[in-house]
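The values are calculated or read from the model by the stated rules, or taken from the named source; none is laboratory data. None of these values were measured; they are calculated from a predicted model. Counting neighbours? That spans all protein chains shown, and the Cβs are built from the backbone with ideal geometry, glycine included.
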């Protein structure tokens, strides 16, 4: 057993097998132990209700953390006297109230809407040291793939599985296939982790990763900061992958060390020893390997209504007839009609009316620094009507304010908001108006994603900032030269 | 969960590719705290078109949906499965499904049938006028015209669907094995086993 070379995925999987349903079937369904469970208000009410109805309890409340994020308005949540400002939408209020009630009832640690630690679950988990390398991490949210940037096996689950994890701290899972996406070389100036992962979305297409856990490897990945790695792994789901993984290394350990829930003392030493073993062994086989040259990647932007609809910012809107697949031709025509775009139009000619900097993909401090660096001393164009920055957590917000980034954004004409998921999916009041375009640092450009009729262009924080200044989608490298 | 042995009836010849769960059920419908009544929001944007299949007298309430590649991609929202169930859909046939959607569907007694595009094309044609039948035990899809397509399904999922098993109940019965794992983990990976006690 010990000598067979294994991938990183197999090592984490093997360490979490409670039992095999069929002892003779090594590829069959296993009962897998879950180390960390993040809970938010949207996908949990029915799970708690089911537990209550069956008289069941939460097996390991101490491995569970509840944080509201999707529905919260990003405007002030307390008045000057410290009293809660009521939430206008009764359904949002009801869902938030349900989590606030369910978490203490089931003994789960709850970070409240006005706590300094509140934020998007996928920002809070790593930030608090709750998400750790080598852990199995789940949440009723597809962007749980994010935590794979730390070298954790992390994936989104549905509400029935949320209930299953709450009740048993396990999941019944069949092993995934493995894919290596190797990115060698260095990213050029103005090219970020977001551009890298958008590029991968274009290469793998929206379903290229279906059935796989993807391990991102190569020098371009190793050179990324942990926050950059979280951005890459976050979008693994946008190419259909069950999870993304990046092997933990000294960069990871330096990031984790000292965080509130991170191991300390002897625990830390034992953890480091195990974490160092979490690499894919030489000779281990992936089911599929995709190689990408970092030099091919430029700032990337989407033109359509699937994250696979990626072009370089220097490119043009594609013509549907140029796609080989007839069903993609049809989908592209529908996308272009929805997006109000004409084939051949240069991407940098597309005027935008809204800019959103935020989401679990790009709302961490380095993202805000990158956007602020572009905006420093500049102002958004007059045709950008709405530009908001939504920090990923209260701690990110406080850090940004300590660095004076909030002033840079406000002086540039942006609104500086409270943390949450916000206009990534518009479950709260932050929506892009119908027919209007948004340069957005989020992860999905689906039809109606940012509000009914909204038109989303996915970009990096630097590109979003440059586009705000230009009033159209812009190449941040051009702005730097001005 | 009700046992599921076969699904027969008209099939909605939808056929579109990369249908994400935002299309199946838009975010504004996710604010519910129950599982019921989501059929009203199912495919809401597509149903703004008065000629849509989902509201047509011929296909409304059909138990089978035929879709394109990568059905259910995107968000993990189980509301997508609940919305389909509320529409009356008990089976979806497509060349591929997102992993999360497929799991959610199965846990709600909806079978996801993977068939090659050539079979999908044929079923899309049949579905225009005639019913389609899915038999879970024999893992086959048949039509009145002697078409017969076999499909693969995870044996455990098949077993749970056929017997209508409650997965949580099944796993709770394995409490001893879970406790053993937790004990071992306390020795092997103590910092993981400790959870939020560190704070």
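All told, residue A:423 falls short of being over 16 Å from the mean Cα position of the chain (by Cα) and either in a loop (DSSP other than H, G, I, E, B) or not assigned by TED's automatic domain parsing to the domain that holds residue A:73 (or both).
Checking each residue in the stretch A:1-58 for being touching a residue at least 60 places away in the same chain (Cβ under 8 Å), loosely packed, with under 13 Cβ neighbours inside 10 Å and not assigned by TED's automatic domain parsing to the domain that holds residue A:146 picks out only A:5. For residues that are assigned to a loop (DSSP other than H, G, I, E, B) and within 11 Å of chain B (Cβ to nearest Cβ), scanning just the stretch A:132-152, find the one that is surrounded by the fewest Cβ atoms within 10 Å (Cβ to Cβ). Restricting to residues being assigned to a loop (DSSP other than H, G, I, E, B) and within 11 Å of chain B (Cβ to nearest Cβ), the top hit is A:134.
Of the helices (runs of 4 or more DSSP H) entirely within the stretch B:117-199, those holding at least 3 residues that are over 17 Å from the mean Cα position of the chain (by Cα), more than 8 Å from chain A (Cβ to nearest Cβ) and farther than 30 Å from residue B:58 by Cα occupy B:175-188.
In summary, helices (runs of 4 or more DSSP H) completely within the stretch A:239-351 and bearing 2 or more residues that are over 25 Å from the mean Cα position of the chain (by Cα) occur at A:265-276, A:326-339. Those strands (runs of 3 or more DSSP E) of the stretch B:1-107 in which 3 or more residues are away from chain A (no Cβ under 14 Å), within 11 Å of the chain's Cα centre (by Cα) and on the phi < 0 side of the Ramachandran plot occupy B:91-94. Here's a check for you: in the stretch A:166-186, which residue that is within 20 Å of residue A:245 (Cβ to Cβ) and not in a strand (DSSP E or B) is nearest to the other protein chains (Cβ to nearest Cβ)? Of everything passing the filter in the stretch A:166-186, A:174 is nearest to the other protein chains (Cβ to nearest Cβ). Checked against (1) within 20 Å of residue A:368 (Cα to Cα); (2) in a loop (DSSP other than H, G, I, E, B), residue A:434 meets all criteria but (1).
Count of the stretch A:59-96 residues, restricted to those that are under 24 Å from residue A:128 (Cα atoms), surrounded by 16 or more Cβ atoms within 10 Å (Cβ to Cβ), out of contact with any strand residue (DSSP E or B) (no Cβ under 9 Å at 6 or more places or on another chain) and more than 9 Å from chain B (Cβ to nearest Cβ), is 3.
Matching residues to (1) in contact (Cβ under 8 Å) with a residue 12 or more places away in the chain; (2) surrounded by fewer than 24 Cβ atoms within 10 Å (Cβ to Cβ); (3) more than 30 Å from residue B:48 (Cβ to Cβ):
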position	(1), (2), (3)
A:392	yes, no, yes
A:397	yes, no, yes
A:408	yes, no, yes
A:411	yes, yes, yes
A:438	yes, no, no
A:466	yes, no, yes
